[in-house]
1. Using a 7 Å offset from the Cα along the Cα-to-Cβ direction at both residue 6 and residue 129, what is the distance between the two label points in nm, to one decimal?
2. Sequence neighbours fewer than 8 away in the same chain don't count; with that in mind, list the aspartates and glutamates whose C-alpha is under 13 Å from residue 12.
3. Ordered by residue, what ³J(HN,Hα) values in Hz, to whole numbers, does the range 115-127 give under the Karplus form 6.51 cos²θ - 1.76 cosθ + 1.60, where θ = phi - 60° and Gly and Pro are x?
4. Let me have the 222 nm mean residue ellipticity of the chain computed from DSSP H runs of 4+ only, each contributing -39500 (n - 2.57), with the sum over all residues rounded to the nearest 500.
5. DSSP loop trypsin sites (Lys or Arg not before Pro) in the range 48-128 with at most 11 other Cβ atoms within 10 Å of their Cβ, which ones?
6. So for the pair residue 110, residue 61, with labels modelled 7 Å out along Cα→Cβ, what separation do we get in nm?
7. Where Lys and Arg each count +1 and Asp and Glu each count -1, what net charge lies around residue 50 among other residues with Cβ under 15 Å from its Cβ?
8. For log10 I(q)/I(0) by the Debye sum over Cα atoms at q = 0.13, 0.16, 0.21 Å⁻¹, one of (1) -0.71, -0.97, -1.29; (2) -0.48, -0.74, -1.33; (3) -0.55, -0.84, -1.34 was computed from the structure I shared and the rest are decoys. Which label?
Amino acid sequence: MRTTPREVGSLKASFRLSTLQKSVLVGTLLGDGGLRYRGHDCRLHIKHSDNQISLVQFKREVFSNITSMKIRVFKQAVSKRDYTFAEFVTLTHSEFTKYFNLFYSSSKKSIPASIEKLLTNPLSLAVVYG
C-alpha cells in the first residue's frame, strides 16, 4: 500500500528527531550510514548486508515515523561477486539536512569538530559497532 502525498506531508510536518533517533543517527553516520540530498533536503539511507537484517529492522523501527518504505532485500554485484543487502530510506527532512551539514562539511563525510556534543548516549557507539 502506497503512502499518499497528504500522508507524507503529515509525517513530515510533525517530525522532530527524538533523543533515541539522534543517538542512532549519530552512530549510523559515524559508521557506514549516509545522508543524501533529494530535492531541497536530505534523507537517511540505511543499507547493510542481509546478515545484519536485525540491525536494519531496529533502525527501521527507530525511524518508523519518518519513513513509509518497507525494508527492501536485494542482490547486488560487488567486485564481480553477488551479495545480498537489506535497505530502506527515510523521507527527506530539514532535520536530516542539519546533520548533513555537520558531517559533510567538505565533499566527503567526516567526523564533525563538535562530535563531543553529539556523542551524548552510549547507544551511538553501540550502533557504530552493531
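Each value in this text was obtained by applying a stated rule to the coordinates, not by laboratory testing. What you are looking at is a predicted structure, and each value in this text was computed from that prediction instead of being measured. For neighbour counting, all protein chains shown are included, and Cβ atoms are generated from backbone atoms with ideal geometry for every residue, glycine included.
1. 4.9
2. Qualifying aspartates and glutamates at Cα under 13 Å: 41, 95.
3. 4, 5, 6, 8, 8, 9, 9, x, 4, 4, 5, 4, 5
4. Mean residue ellipticity at 222 nm (helix-derived): -11500 deg cm²/dmol.
5. 70, 80, 108
6. 3.7
7. Taking every other residue near residue 50 into account, the sum is +4.
8. (3)
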